[in-house]
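Asker: Have a look at this one before I ask anything.
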Amino acid sequence: MVYPITPLFLTVVLGAPVWTVGVIEGFAESAASLLKLYSGWLSDQAGKRKPFAVAGYGLGALSKLGLALAASWLMVLAVRLLDRVGKGLRAAPRDALIAENCAPEQRGQAYGLHHSLETVGEVLGPLVGFAFLLRYTEQYRGVFAIAFVPALFGVLLLLWKVREPQTEVAKQNRPKFTFKGLSSSYRQYLGVVVLFGLGNSSDAFLLVRSQDLGFDGLDLLLLYAVFNLVSVALGISVGRLSDRVGRRPLLTMGYSLFALVYLGFALAQSPGLIWVLFLFYGLYGALTRGVQKALVADLVHPERRGTEIGTFHMLTGLVALPASLLAGFLYTQISVGAPFYLSALLSAIAALYLWRLPLKTG
């Protein structure tokens, strides 16, 4: 509900320049990156995942109220940092929690289910926001306030209904984290993730590009709903398929599709093409979001699952800042198509590298 209209809120309501979109999204994703590693490590030491998930989702809920009250782009930056700190607290422990609630041969389906259920909210949210803005034109603060309600219920549901499984997570003697401790296959895969991440700037630039081609706030909410609807419709099926045929072919297809979509955004001259591109962008999400997490769970050591999953989240967060800053610079200083051409190139190279990568899963 919040994400697709935040760029409009920044540029139209607060009067911020377009480059602030890249600064805010980049800093927001990167600021919590080390926390993503540390929270996973702490959950390994404590043998508990749920407290970190509850705290993380709680901060995310509070951030919605903060957006409703924001009076400047610096306040939006502070609120987005709060939201991403919450993500840093919850991401690795939550993903470890999912892995510990299913058999290894069901991981693709489990992460696909998580992705699909998460995406249901990403479909319904924009539709609720659309209905509100249809009645109350450009009242973006009202949308942010409404978004707090489901966020709060999500925290309460997690707190009262979700149980911590009995696991074999042992309290270690707090060893220092080193990348050398990761398996060779996982280190190489993380290299692919970093390369792809450098071209995967904030989705906000897709929305800004759509705005340039004539889409208003209502249109952007519908676009984002369509994108997520495709993703949720295919998430579980793709996850099951990855359990049968492997993760690599689907991830390679996803990265390649990402390259084609971003090339399309670079070349787009009509609103009609944007609708088609968002449909295929939803397919990219279905092919990668759950499958990527399942592959990470396959490659990590079980006794360090939280920490090593946190490594993945940390690196993807760290590259978000240079990716978004670079995209903002190219968009404003070179051309509107420049950041999309760069993303298409980097993702195509990442797809080729991934296809040739020797992966050994446990």
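Asker: Residue check, VAL226 against (1) open to solvent by 50 Å² or more (accessible area, probe 1.4 Å); (2) at pLDDT below 85; (3) of a type in the set (A, V, I, L, M), all met but one. Which one?
Answerer: (1)
Asker: Oh, and also: Taking into account only those residues within region 74-96 that are closer than 21 Å to THR311 by Cβ and in contact with a Ser or Thr (Cβ under 8 Å, 6 or more places away or on another chain), which is surrounded by the fewest Cβ atoms within 10 Å (Cβ to Cβ)?
Answerer: Only one residue fits best here, namely GLY86.
Asker: Then there's this: Identify the residue in region 198-223 that is part of a helix (DSSP H, G or I) and polar (S, T, N, Q) and, among all such residues, is most open to solvent (accessible area, probe 1.4 Å).
Answerer: Step by step, filter region 198-223, then rank; the result is GLN211.
Asker: Checking the conditions here, which among ALA71, ALA99 is more than 17 Å from the chain's Cα centre (by Cα) and open to solvent by 10 Å² or more (accessible area, probe 1.4 Å)?
Answerer: ALA71
Asker: Let me ask something additional. Restricted to region 335-344, and to residues that are open to solvent by less than 50 Å² (accessible area, probe 1.4 Å) and in a helix (DSSP H, G or I), which residue is farthest from LEU325 (Cα to Cα)?
Answerer: Only one residue fits best here, namely ALA344.
Asker: Pull up region 321-362, narrow it to residues that are hydrophobic (A, V, I, L, M, F, W, C) and touching a Lys or Arg at 6+ places or on another chain (Cβ under 9 Å), then point me to the one that is farthest from LEU251 (Cα to Cα).
Answerer: For region 321-362, the residue satisfying everything is VAL336.
Asker: Could you tell me whether region 103-115 includes any residue that is open to solvent by 50 Å² or more (accessible area, probe 1.4 Å), more than 17 Å from TYR3 (Cβ to Cβ), modelled with pLDDT under 90 and under 17 Å from the mean Cα position of the chain (by Cα)?
Answerer: Checked against the condition, which is being open to solvent by 50 Å² or more (accessible area, probe 1.4 Å), more than 17 Å from TYR3 (Cβ to Cβ), modelled with pLDDT under 90 and under 17 Å from the mean Cα position of the chain (by Cα), region 103-115 yields at least one hit.
Asker: For region 273-287, which residues satisfy the criterion of being more than 16 Å from SER237 (Cα to Cα), buried (at least 20 other Cβ atoms within 10 Å of the Cβ) and aromatic (Phe, Trp, Tyr)?
Answerer: Result: PHE278, TYR281.
Asker: If you go through region 299-311 one residue at a time, do you hit one that is hydrophobic (A, V, I, L, M, F, W, C), at pLDDT below 90 and either within 28 Å of VAL230 (Cβ to Cβ) or assigned to a helix (DSSP H, G or I) (or both)?
Answerer: yes
Asker: Let me ask something else about it. From GLU164, GLU138, GLU122, which residue is among the charged types (D, E, K, R), over 22 Å from the mean Cα position of the chain (by Cα) and surrounded by 15 or more Cβ atoms within 10 Å (Cβ to Cβ)?
Answerer: It is GLU138.
Asker: Quick one: is SER270 in contact (Cβ under 8 Å) with a residue 40 or more places away in the chain, surrounded by 24 or more Cβ atoms within 10 Å (Cβ to Cβ) and not charged (D, E, K, R)?
Answerer: no
Asker: When you scan region 345-357, how many residues do you find that are touching a residue at least 24 places away in the same chain (Cβ under 8 Å) and surrounded by fewer than 20 Cβ atoms within 10 Å (Cβ to Cβ)?
Answerer: 6
Asker: Turning to a different aspect of this structure: In region 186-197, how many are of a type outside the set (Val, Ile, Thr) and either closer than 21 Å to LEU277 by Cβ or open to solvent by less than 10 Å² (accessible area, probe 1.4 Å) (or both)?
Answerer: So the answer is 5.
Asker: Count, please, the residues in region 244-264 that happen to be at pLDDT below 90, open to solvent by less than 50 Å² (accessible area, probe 1.4 Å) and assigned to a helix (DSSP H, G or I).
Answerer: Selection size over region 244-264: 1.
The values are calculated or read from the model by the stated rules, or taken from the named source; none is laboratory data. Since the model is a prediction, treat every value here as computed from it, not as a measurement. Note that each Cβ is placed from the backbone with ideal geometry, even for glycine, and that neighbours are counted across all protein chains shown. For accessibility, only protein heavy atoms count, side chains too; no ligands or nucleic acids. Shrake-Rupley method; radii C 1.70, N 1.55, O 1.52, S 1.80 Å.
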